[in-house]
Amino acid sequence: MSFQQSAVSGRSWRRVDGIDLLRGLSIFLVLMNHVNMRLLSAHVPYTKGMPPQMAATLVWSGQYGVQIFFAVSGFLITSTSMRRWRFPGGVSLKEFYTLRVARIAPLMLLLLAVLSVLHLSGVHGYVVSEKVGGLKAALAAALTFRINVLEATRGYLPAGWDILWSLSVEEVFYLFFPVVALLSRRTRMLVPLLLVFAMAGPFARAAALRHNPVWYEYSYLGGMDAIAMGCLTAILTSGRELTKRVVWWCTAFGMALLILILGFSIRVNTAGLGRNGLSMTILALGACLVIAAAASSGWRAPRLLEPVLALGRLSYEIYLTHIFVVMGLFSVFLSAGKPMRGVAVLFAGVIVCAGLLGLLVSKLYTEPMNLWIRARAGKASQEAGMAVAGR
């Protein structure tokens, strides 16, 4: 995402590199996890001999990646809302929903159309079984942001549909967010409500819900805490010029928390933080601290990190289309006889090809549609919408 003017400082920005890096890290973790799942399904023992923590960090952190996405999303939606309107009491419901539809709907509807064609054509790996309700149930759940509910009650959908669980959580939050903001009218009324969501997350992920492993991972409240924490970060830093010392401490502490959860996840879970649902909260807190520091400091990433920045800028397009790349390249890998020396090539190929596909989709479809919908909605929505180019 980019925004032309920072809500937290009033300065002009092209992009916030620290935020793009977080998004790039997130989509990288998701890609690695989904390739890993395909390899496991084919009984390829590629992690044999690899240190357990290294494997956990590199290929089992997809859920962590989505949690970071949620925190970034909450910050950017709130900060840009504060820039556009007298937030929270002056939010324009029409413009808010128009901007969300313009950004989310075109690619989501295209994805659903492609998935439906693949289902009706009987393509292996894309057919929605009758056990989970068939195509009609999947479409109805996707269009009403209930994919997570359908999977928790009927079973997992094919991978192309399964990824929509995160949109279900995110868009339900944003369906009510501007309404609650208007009713609250002042931030001192909105902040306690956001704190409730932030505190509810660990309970939604606690061990008591492990009897339903799908809902344990995909519940609404289990993801909304990170979104709420991102919203709170935007509100608490709004109009405040963070000193260099504060920026340094936010960066250091935030990075330490991210490294703790991502780099020492096995020990963290052994200590009970995963069982109590707190590991995800700590991760979101770390992401929010880094976001606050990045948005305030205007830090520019070195050219060496440009590939990660590129992934971050295209994270929405990559997220919704990467399954086709994963499935396609994995089929090639299987056809080649599942060579162990080809595993690294498979991972690298998925990252590169998913990035290129995301770029192509963005340039040729999502951005033109984004601007067209905003233009049709009126000049005001079009101009305000230019502040956000991503999810």
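Brief remarks on what is shown
- Scanning the range 153-181 for residues being open to solvent by 10 Å² or more (accessible area, probe 1.4 Å), in contact with an Asp or Glu (Cβ under 9 Å, 6 or more places away or on another chain) and in a helix (DSSP H, G or I) gives a total of 2.
- Of the candidates L260, L334, the single residue that is surrounded by 14 or more Cβ atoms within 10 Å (Cβ to Cβ) and among the aliphatic types (A, V, I, L, M) is L260.
- Residue within the range 365-385 that is in a helix (DSSP H, G or I), among the basic types (K, R), under 30 Å from S81 (Cβ atoms) and modelled with pLDDT of 95 or more present: no
- Sole exception among (1) of a type in the set (D, E, K, R); (2) open to solvent by 40 Å² or more (accessible area, probe 1.4 Å); (3) modelled with pLDDT of 95 or more for E317, by number: (2)
- Screening the candidates A102, A113 for the property of being among the small types (G, A, S) and out of contact with any Lys or Arg (no Cβ under 8 Å at 6 or more places or on another chain) yields one hit, A113.
- Filtered by the rule that a residue be surrounded by fewer than 16 Cβ atoms within 10 Å (Cβ to Cβ) and of a type in the set (D, E, K, R), the range 337-358 gives a lone residue, R341.
- Identity of the residue in the range 68-95, among the aromatic types (F, W, Y) and open to solvent by 10 Å² or more (accessible area, probe 1.4 Å), that ends up farthest from L195 (Cα to Cα): W85
Condition check ((1) hydroxyl-bearing (S, T, Y); (2) over 30 Å from W249 (Cα atoms); (3) in a helix (DSSP H, G or I)) across all residues:
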position: L283; (1), (2), (3): no, no, yes
position: C288; (1), (2), (3): no, no, yes
position: I291; (1), (2), (3): no, no, yes
position: L309; (1), (2), (3): no, no, yes
position: V332; (1), (2), (3): no, yes, yes
position: G337; (1), (2), (3): no, yes, no
position: G349; (1), (2), (3): no, yes, yes
position: A354; (1), (2), (3): no, yes, yes
position: K363; (1), (2), (3): no, yes, yes
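- Tally of residues being surrounded by 15 or more Cβ atoms within 10 Å (Cβ to Cβ) and either of a type in the set (S, T, N, Q) or free of Cβ contacts under 8 Å to residues at least 12 places away in the same chain (or both) across the range 277-312: 4
- Filter result (open to solvent by less than 20 Å² (accessible area, probe 1.4 Å) and aliphatic (A, V, I, L, M)) within the range 263-276: V268
- Selection from the range 188-220 of residues that are of a type in the set (S, T, Y), out of contact with any Asp or Glu (no Cβ under 9 Å at 6 or more places or on another chain) and surrounded by 19 or more Cβ atoms within 10 Å (Cβ to Cβ): S219, Y220
- Any chance R83 is in contact with a helix residue (DSSP H, G or I) (Cβ under 7 Å, 6 or more places away or on another chain), of a type outside the set (G, A, S) and within 24 Å of A375 (Cα to Cα): no
- Residue identified as modelled with pLDDT under 95 and small (G, A, S) among G49, G74: G49
- Within the range 57-67, the only residue that satisfies the criterion of being surrounded by 22 or more Cβ atoms within 10 Å (Cβ to Cβ), assigned to a helix (DSSP H, G or I) and among the hydroxyl-bearing types (S, T, Y) is Y64.
- Among the conditions (1) closer than 28 Å to Y174 by Cβ; (2) modelled with pLDDT under 95; (3) among the polar types (S, T, N, Q), T243 misses just one, which is (1).
- Scan of the range 223-257 for residues that are farther than 22 Å from S26 by Cβ, open to solvent by 30 Å² or more (accessible area, probe 1.4 Å) and in a helix (DSSP H, G or I), ordered by number: L236, K244, R245, V246, W248, W249
- Test result for T98, in contact (Cβ under 8 Å) with a residue 60 or more places away in the chain and open to solvent by 20 Å² or more (accessible area, probe 1.4 Å): yes
The values are calculated or read from the model by the stated rules, or taken from the named source; none is laboratory data. Computed from a predicted model, the values in this text were never measured in an experiment. Note that we place each Cβ from the backbone using ideal geometry, even for glycine, and neighbour counts take in every protein chain shown. Just so you know, the surface numbers come from the protein's heavy atoms only, side chains and all, with ligands and any DNA or RNA stripped out. Shrake-Rupley method; radii C 1.70, N 1.55, O 1.52, S 1.80 Å.
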